[in-house]
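Student: I'd like to ask you about the structure that follows.
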Amino acid sequence: MSVDTAKLFAQLDQQAIELPSWAFGNSGTRFRVFPSAGVPRDPFEKIEDAAQVHKYSGIAPSVALHIPWDKVDSYSELRAHAEGLGVKLGTINSNTFQDEDYKFGSITHSNPVIRQKAIDHHFDCIDIMHETGSRDLKIWLADGTNYPGQDDIRGRQDRLADSLEKIYARIGENQRLVLEYKFFEPAFYHTDVPDWGTAYAQVAALGERASVCLDTGHHAPGTNIEFIVAQLLRLGKLGSFDFNSRFYADDDLIVGAADPFQLFRIMYEVIRGGGYGNDSDVAFMLDQCHNIEDKIPGQIRSVLNVQAMTARALAVDTKALNEAQLAGDVLAANDIFMDAFYTDVRPTLAAWRESKGLNPDPIKAFNNSGYLKQIAETRVGGQQAGWGA
Ligand code: PSV
Ligand code: MN
């Protein structure tokens, strides 16, 4: 093994991508949900499926939960189940978007009773985090308005700050609060946390253990997402990613499928800004749905896409790039950057897998394992999990 390959392998060893439990349930659009055979009936089965992704890829050691979708009687039992399968429970996602009371908002609501109900839900999530051993509480709010004048957008911002302060005061010493932004949907005139600037302003007011979650599907078309990555890393406030890809809106398609070059550019800025590897606190999560493709191989494909673009980003000749930049050599600099993007890293990644005792072709290995057939045959009866339960 050459020195460079050894260095690259050591860097690849540091990659960890968290899987969303909800990716294993049925999902769809408002037009139709196509159910799949063998879909998990409960959080325990979701974790079993997630463990398969880690077993074949070697880079997906934890699973994020969504509460109440993943509500169980015993979180320590769920944790033991996960650990027995070689994975951990990760980020706890709160959910204040499916309750009748939250029609006009949750932690931003003008009614203090409803606001407190939403805050209490976050307190419950924090209790769960203590049992699951989770570090991050991730908050995404559906809060917003549909019509100009509908509510006092400034007042909502003040209530948001106040509620977040109460939630932040509850999180443990080794825990973090990450606030996710999104500029539309389900509210269409304004959302209360539309962009990285608002999320940054809110978490900066809270303190050190609060940071921003960047969901790649939550920006207007054409937004330079890697610039936001660079900016948040520079400010020390990039907490986590929700990875997915999109052609139009918040499509939640397989990360790296719609625009691999964008994923490469993002990973380059992550590495450039110190957000990658054992020394970094940035969490890399998927937030996706697999509506028409098989879910487990869909998740394997997703983590492999992130790994491939990470390997390409690690291949950028940063010294030569820096020289070309300083010399003002526009074309040379761009050439160096593109050269890394066009590098075929597939043989290198196959060799990395073999060095870990993994099959060089994880999707083929999974498909040959018979797991999908087995779950289709054994998971009969009960209620299949879906996005929302
Ligand atoms: C909202 O669109 C979001 O990205 C949030 O992260 C939610 O928790 C998640 O999707 C649910 O899929
Ligand atoms: Mn998300």
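Each reported figure results from applying straightforward, stated rules to the coordinates on display, with no laboratory input. None of these values were measured; they are calculated from a predicted model. Every residue, glycine as well, gets a Cβ built from its backbone with ideal geometry; the counts of neighbours run over all protein chains shown.
Student: Under 17 Å Cα-Cα from Lys7, which aspartates and glutamates qualify once same-chain neighbours fewer than 8 residues away are excluded?
Tutor: Correct list for Lys7: Asp279, Asp317, Glu354.
Student: Say each of Asn146 and Phe261 gets a label point 7 Å from the Cα, pointing the same way as Cα to Cβ; how far apart are those two points in nm?
Tutor: Placing both labels 7 Å beyond Cα along the Cβ direction yields 3.9 nm.
Student: A further question follows. Quantify how much of the Cα-Cα distance distribution of the chain extends past 36 Å, in percent.
Tutor: Every Cα pair in the chain considered, those over 36 Å come to 23 percent.
Student: Provide Thr310, Thr378 in ascending order of the number of other Cβ atoms located within 10 Å of each residue's Cβ, fewest first.
Tutor: The order, fewest Cβ neighbours first, is Thr378, Thr310.
Student: Setting aside same-chain residues fewer than 8 positions from Lys166, which lysines have a Cα under 30 Å from its Cα?
Tutor: Here the lysines satisfying the reach criterion relative to Lys166 are Lys71, Lys88, Lys103, Lys117, Lys138, Lys182, Lys237.
Student: At 0.36 nm per residue, minus the direct Cα-Cα distance, what do Lys364 and Asp120 gain on full extension? Give it in nm, one decimal, please.
Tutor: Contour length minus the Cα-Cα distance gives 83.3 nm.
Student: For the pair Asp127 and Arg41, what calculated FRET efficiency results from E = 1/(1 + (r/R0)^6), where r is the Cβ-Cβ distance and R0 = 30 Å, to the nearest 0.05?
Tutor: 0.75
Student: Write down the percent of antiparallel bridges among all DSSP beta bridges whose residues are both part of the chain, to the nearest 5.
Tutor: 10
Student: Here is a follow-up. Note the per residue figure in Å³ for the convex hull of the C-alpha positions in the stretch 15-155.
Tutor: Cα-based convex hull of the stretch 15-155, divided per residue, equals 147 Å³.
Student: What residue among Ala351, Gln175, Met129 has its Cα farthest toward the positive end of the dipole of the stretch 5-378, where the charges are +1 on Lys, Arg and -1 on Asp, Glu, each on the Cβ?
Tutor: Ala351
Student: Another one. Between the stretch 110-128 and the stretch 3-19, what's the alpha-carbon centroid distance in Å?
Tutor: Cα centroid of the stretch 110-128 versus Cα centroid of the stretch 3-19: 40 Å apart.
Student: I've got another one for you. Test of understanding: ordering Glu45, Glu100, Glu131 by Cβ neighbours within 10 Å, fewest first, what list do you get?
Tutor: The order, fewest Cβ neighbours first, is Glu100, Glu131, Glu45.
Student: Another question, if that's okay. Find which of Ala220, Val193, Leu235 sits farthest along the positive direction of the dipole of the stretch 186-276, computed with +1 on the beta-carbon of Lys and Arg, -1 on that of Asp and Glu, about the Cα centre.
Tutor: Projecting each Cα onto the dipole axis, the largest value belongs to Leu235.
Student: Expected output is a single nm value to one decimal: the length gained when fully extending between Ser355 and Phe247, i.e. 0.36 nm times separation in residues minus the C-alpha distance. What is it?
Tutor: This chain segment gains 35.3 nm when fully extended.
Student: Right, something else. Explain nothing, just the number: dipole magnitude of the stretch 5-378 about its Cα centre with +1 on each Lys and Arg Cβ and -1 on each Asp and Glu Cβ, in debye rounded to the nearest 20.
Tutor: About 360 debye.
Student: Which order, highest average first, do 159-171, 317-329, 136-148 follow once you tally other Cβ atoms within 10 Å for each residue and take the mean per peptide?
Tutor: 136-148, 159-171, 317-329
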